[in-house]
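Since the structure comes first, as structure tokens, the remarks are kept for the end.
Laboratory data are not the source of any read-out in this text; all were calculated from the coordinates shown. Keep in mind that this is a model prediction, so the values were computed, not measured. Note that each Cβ is placed from the backbone with ideal geometry, even for glycine, and that neighbours are counted across all protein chains shown.
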Amino acid sequence: MLRLLWLVPAIPFASALTLATMRLPRKAVAWIATCSIAASSVISLLVSIQFLTNPPSTGACIQVLWKWFDVDGLRPEIALYLDPLSIIMMVVVAFVSFLIHLYATEFMRGDDGYGRFFAYMNLFVACMLTLVLANNLLLLYLGWEGVGLCSYLLIGFWYRDAENGRAGRKAFIVTRVGDTAMVIGLFLLFRQLGTLNIQELMRRAASEWHAGSVVATAAALLLLGGAVGKSAQLPLQTWLPDAMAGPTPVSALIHAATMVTAGVYLIARLHVLYALAPQAQFAVIVVGAATLLMGGLSALTQHDLKRVLAYSTISQVGYMFLALGVGAWPAAIFHFMTHAFFKALLFLGAGIVIESLNGEHDIFHMGGLRKPLPVAFWTFLVAGCSLAGLPLITAGAFSKGWILWGAYSAANGSVWLWASALAGVFLTSLYTFRMIFLVFFGEQRTQVAHRPGHAMHIPCIILAFLSIAGGYIKSPFAHFLSPVLSWSPGAMQGVSFSETVSEGITALIFLLGLYSAYIFFLRRRDYAAALASSSTGRVLHRFWFSDWAMDWLYDRLFVRPVVWAAKTGKDDAIDGFYTGVARLNELTWRGMSRTQSGRLRWYVAGIAAGSIVLIAVVMFL
């Protein structure tokens, strides 16, 4: 069964090609697109089961398909690498993507670009599976750029609206900034270590570089730049809220199963390199801690339902970065898995609400929807509780509690990091239940126009189950991942309280956030209005709502100077040269077009003259 591993990314690639090149009925498109991802999910599960029941002696399985190229010592292969980390990523990506595809068959049923949409979606999944299964960094980078391309195509899918096209371009350009840093990092690694094979690269780095090495730090920081861009972390997070311009299934796919978790996987896969670069690992901590707080505060001010969830993703991925930075590697991957379940469910539930209200996105125009949309309400509530961390029940509570304990007790942890993560728990609980209370409780402000069918309900119910049950596999999850990513809790000297105490405090903070949301956004909404209308409240609300003025800053630092330089230099000597070349081509075209007179005798004479010249050249030259 392990020999079938190559089919996991190959089947979605094949279906994407089929849908892109053939005009098929909608029903055929839906079947091909969904069944291809289902087949990939089933094969990934079967491969994982065999790996578990009959593990390879080396702890990993390598499947070499062919040699890519051989140029001056660079000999990358099209090869797949299967170990516990890639198994978890593969299974979660494939299965969650299948549920999103099933949901999308109904959600997109009235769209003109039905086949094009699913071609892009299949390609998106195929590229992400290539990324997580790649045996070398060059193949990983191919999948990395593939998901970047697909995000551009899908965010701007409804391109007839100029704003959607702008959002797609923004995502593409901003993530290219990080990708440029990543490419330089790959060049540096190959130049110094002579390989891009991930496992060989880590072995050589551990043997040739000492902890704190300048080269190791430079390479790790450059790769962190790529991770920050793809995972929408500070300071390159500005593209993700605008990415909500795409269809809701696209948002679910980007946030839950692909794209934004790619940076988390990259750092986890190269954890040996980051262990050799303490400064870079500290940078990961700073990025994660700052982003989780920034995202939480911004989510608290949004009124677009999908933008609230977008900032929530930025914040939750910040938790994963914090865990990676302190060295709690398995906690970060566990939160990736639980986040995939509840965040996919949140977006799918949001899609049901928005579609049922004829495209209404504003949470202040909703309300009272728990009775008209019971399935959406209960599943969204389960996902929201998992996101906020309802203790002892939801999967998110287990994974987030693990991260908080790591932030305190790991070798790189501290009480300040623990406090920052704890503040994030309060913010998450506050903005999550603000969203739930405003959307599903109170007075109904917009009437439900229509209700979804089974294709949209079934994925939500399955994900709701996983958003609860997924947390109870924490111990076997840690054991399974330990050969690749291990962590010893309580490694920090002088730990003064236990994990149980940390979880108890976390639960109290969760309840405080829930109670605050209840008071401000359900029982006495005038309190929230008064707070937001105060002088300080207005300033903070505007600042947090605008993504901490990051777009304003980038516009003045980068966009406007480039536009000014382009306008200033549009008539310089270089442009004059190329304008001259264009004019010369135009004159040549006009001269040649005059020979097309339509007179047959002139054509015959031209052919005869050309033949004479050709014969003369052959005879005399």
>> Using Cα-Cα distances under 8 Å and only pairs 6 or more residues apart, what relative contact order does the chain have, in percent?
In response: 12
> Each residue of segment 7-13 in order: what ³J(HN,Hα) in whole Hz does its phi give by Karplus 6.51 cos²θ - 1.76 cosθ + 1.60, θ = phi - 60°, with x for Gly and Pro?
Replying inline: 6, 4, x, 5, 5, x, 4
> Listed highest first by mean packing, meaning other Cβ atoms within 10 Å per residue, what order do 374-387, 164-177, 396-409, 267-280 come in?
Replying inline: 396-409, 374-387, 267-280, 164-177
> In nm, to one decimal, how far is the modelled label at Val64 from the one at Glu208, with both set 7 Å along Cα→Cβ?
Replying inline: 2.0
> Can you give the angle from 0 to 90° between the axis of helix 499-518 and the longest principal axis of the chain, with both taken from C-alpha atoms, to the nearest 10?
Replying inline: 80
> Quick one: what Rg and Dmax do you get for segment 569-620 from the alpha carbons, in Å?
Replying inline: 18.3, 54
> After finding the eigenvalues of the alpha carbon gyration tensor for the chain, what semi-axes result from the square roots of 5 times each, listed largest first in whole Å?
Replying inline: 45, 32, 26
> Points 7 angstrom from Cα along the Cβ direction at Ala449 and Leu508: gap in nanometres?
Replying inline: 4.9
> So for segment 420-481, Kirkwood radius off the Cα pairs, Stokes-Einstein at 4 °C and 1.567 mPa s: how many µm² s⁻¹?
Replying inline: 84
> What FRET efficiency comes out for the pair Leu188/Ala419, r = Cβ-Cβ distance, R0 = 51 Å, nearest 0.05?
Replying inline: 0.90
>> Could you work out how much longer the chain between Tyr518 and His479 gets when fully extended? Use 0.36 nm per residue separation minus the Cα distance between them, nm to one decimal.
In response: 10.1 nm
>> Suppose a student asked you for the relative contact order of segment 304-365, using Cα pairs under 8 Å spaced at least 6 residues apart; what percent would you report?
In response: 47
> Once the convex hull of the C-alpha atoms of segment 371-429 is built, how many Å³ does it hold per residue, rounded to a whole number?
Replying inline: 70
>> Starting from the 7 Å offset along Cα-to-Cβ, what nm value, one decimal, do you get for the label separation of Asp571 and Asp304?
In response: 3.9
> Most exposed first by the Cβ proxy, i.e. fewest other Cβ within 10 Å, how do Val617, Val147 rank?
Replying inline: Val617, Val147
> Using θ = phi - 60° and the Karplus curve 6.51 cos²θ - 1.76 cosθ + 1.60, what whole-Hz ³J(HN,Hα) does each residue of segment 15-24 get, with Gly and Pro shown as x?
Replying inline: 5, 4, 5, 4, 5, 7, 10, 10, 8, 10
> Can you give the Kirkwood hydrodynamic radius of segment 217-355 from its Cα pairs, in Å with one decimal?
Replying inline: 14.8
>> Please list, ordered by chain and number, the residues whose modelled amide H lies under 5 Å from the amide H of Leu65; skip anything fewer than 5 residues away on the same chain.
In response: Ile78, Ala79, Leu80
> Sorting Met108, Met259 on the 10 Å Cβ count, fewest up front, what's the list?
Replying inline: Met108, Met259
> Sequence-distant or interchain residues sharing an amide H contact under 5 Å with Phe441, placed H: which?
Replying inline: Gly368, Leu369
>> Using Cβ contacts closer than 10 Å as the measure, can you line up Ser597, Ser356 from fewest to most?
In response: Ser597, Ser356
> To the nearest 10 degrees, how steep is helix 600-620 against the longest Cα principal axis of the chain, on a 0 to 90 scale?
Replying inline: 80
> Between the helical axis of 278-299 and the dominant principal axis of the chain, each derived from Cα atoms, what acute angle in degrees is found, rounded to the nearest 10?
Replying inline: 80
> Out of residues 5 or more away from Gln302 or on other chains, whose amide H comes under 5 Å of its own, with H placed 1.01 Å from N in the peptide plane?
Replying inline: none
> Of Lys170/Lys230; Lys230/Lys400; Lys306/Lys400; Lys400/Lys474, which ones are farther than 18 Å apart at the Cα?
Replying inline: Lys230/Lys400; Lys306/Lys400
> Each residue of segment 550-563 in order: what ³J(HN,Hα) in whole Hz does its phi give by Karplus 6.51 cos²θ - 1.76 cosθ + 1.60, θ = phi - 60°, with x for Gly and Pro?
Replying inline: 5, 5, 4, 5, 5, 4, 7, 7, 10, 5, 5, x, 5, 5
> What 222 nm value per residue comes from the helices of the chain, counting each DSSP H run with n ≥ 4 as -39,500 (n - 2.57) and dividing by all residues, nearest 500 deg cm²/dmol?
Replying inline: -23500 deg cm²/dmol
> About its Cα centre, how strong a charge dipole does the chain have in debye, to the nearest 20, once Lys and Arg get +1 and Asp and Glu get -1 at the Cβ?
Replying inline: 1080
